[in-house]
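Asks: For reference, the structure I am asking about is given below.
The values are calculated or read from the model by the stated rules, or taken from the named source; none is laboratory data. In this text the structure is predicted, and so the values were computed from the model without any measurement. Quick reminder, even Gly has a Cβ in these numbers, built from the backbone with ideal geometry, and neighbours come from all protein chains shown.
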Amino acid sequence: MSSARLMLLRAILAVPVLFPGASKAPAGEADRIEARIEIFGFAGLHVLTNRTTVEEAGDRYSIAMDLDTRGLARVFVDLTSHSEVHGRLARDTARPDAYRAEVSRNGIDRSYGVDYPSDGAATNVSTPPSPGWSLSVPAELIRGTVDQLTAYFLLERQLAQRGGCALVVPVFDGRMFASPILNPRRSRPTATRTSPARPSSAR
């Protein structure tokens, strides 16, 4: 896993610990949480800024996250990222409808997206990395997956309802597939399986 991707996972993992103690809006209004997390690395160097908004209204939820590398970290990985998802809530789960991400890394822009029909399928709608190429992902591999924002949102909900968990969630973000074990007692998520979507030439 690349250093930029590891920073992304750590940034997402840091968000749920803020949720249980966050204030809630009055009954009948949308619950909205806004968090800003500054991540520092070795010797106190400023590495990353994470701004995340989570909103629940009725049986709907939405999450938006912005990431920006800071300071010397930008010399090695100049990363800006905006990702968002919206979907439906059930008693014990959350199911995304659509996930989108715009990522700029070292001057290279990428657009990722996944749509989730109601039958449990997942459709990769990411923009190909270059003309003449497509991101080929077997439908059976990503069926039943969720995006990474929803995965950690599921962890937060289970923590709030049960007080603790070790949760296995299959994740696909338009490029990478993984089945991470999400456990807030660990310093980082443990991926049991990770593989990139395989580029193939469009004919």
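Asks: So which residues in the range 40-54 are part of a strand (DSSP E or B) and over 12 Å from Ser81 (Cβ atoms), if there are any at all?
Replies: Initial filter on the range 40-54 (part of a strand (DSSP E or B)): 40, 46-54.
The answer is Phe40, His46, Val47, Thr53, Val54.
Asks: Scan the range 84-117 residue by residue and report those that are farther than 15 Å from Thr145 by Cβ and either surrounded by 15 or more Cβ atoms within 10 Å (Cβ to Cβ) or acidic (Asp, Glu) (or both). Reasoning before the result, please.
Replies: First pass over the range 84-117, keeping only residues farther than 15 Å from Thr145 by Cβ: 84, 86, 88-92, 100, 102-111.
Passing the criteria: Glu84, His86, Arg88, Leu89, Asp92, Arg100, Glu102, Val103, Arg105, Asp109, Arg110.
Asks: Residues Leu141, Leu159, Leu155: which one is part of a helix (DSSP H, G or I), in contact with a Phe, Trp or Tyr (Cβ under 7 Å, 6 or more places away or on another chain) and surrounded by 13 or more Cβ atoms within 10 Å (Cβ to Cβ)?
Replies: Working: Leu159 fails: in contact with a Phe, Trp or Tyr (Cβ under 7 Å, 6 or more places away or on another chain); Leu155 fails: in contact with a Phe, Trp or Tyr (Cβ under 7 Å, 6 or more places away or on another chain).
So the residue among Leu141, Leu159, Leu155 that is part of a helix (DSSP H, G or I), in contact with a Phe, Trp or Tyr (Cβ under 7 Å, 6 or more places away or on another chain) and surrounded by 13 or more Cβ atoms within 10 Å (Cβ to Cβ) is Leu141.
Asks: Got a sec? Which of Ser187, Ser179 is of a type outside the set (A, V, I, L, M, F, W, C), modelled with pLDDT under 80 and within 24 Å of Ser118 (Cβ to Cβ)? Don't jump to the end; show me each part of the working.
Replies: Details: Ser187 fails: within 24 Å of Ser118 (Cβ to Cβ).
Testing whether each residue is of a type outside the set (A, V, I, L, M, F, W, C), modelled with pLDDT under 80 and within 24 Å of Ser118 (Cβ to Cβ) leaves just Ser179.
Asks: Return the pairs, sorted by first residue and then second, in which the second residue is surrounded by fewer than 16 Cβ atoms within 10 Å (Cβ to Cβ) and of a type in the set (Phe, Trp, Tyr), the first residue lies in the range 104-119 and is in a strand (DSSP E or B), the beta carbons are less than 6 Å apart, and the residues are 6+ apart or on different chains.
Replies: none
Asks: Restricting to the range 64-93, what's the tally of residues that are among the aliphatic types (A, V, I, L, M) and closer than 16 Å to Asp115 by Cβ? Give the steps one after another, and end with the answer.
Replies: Residues of the range 64-93 that are among the aliphatic types (A, V, I, L, M), as a first pass: 64-65, 67, 72-73, 75, 77, 79, 85, 89-90.
Subsequent filtering for residues that are closer than 16 Å to Asp115 by Cβ retains 85.
Adding up the residues that qualify gives 1.
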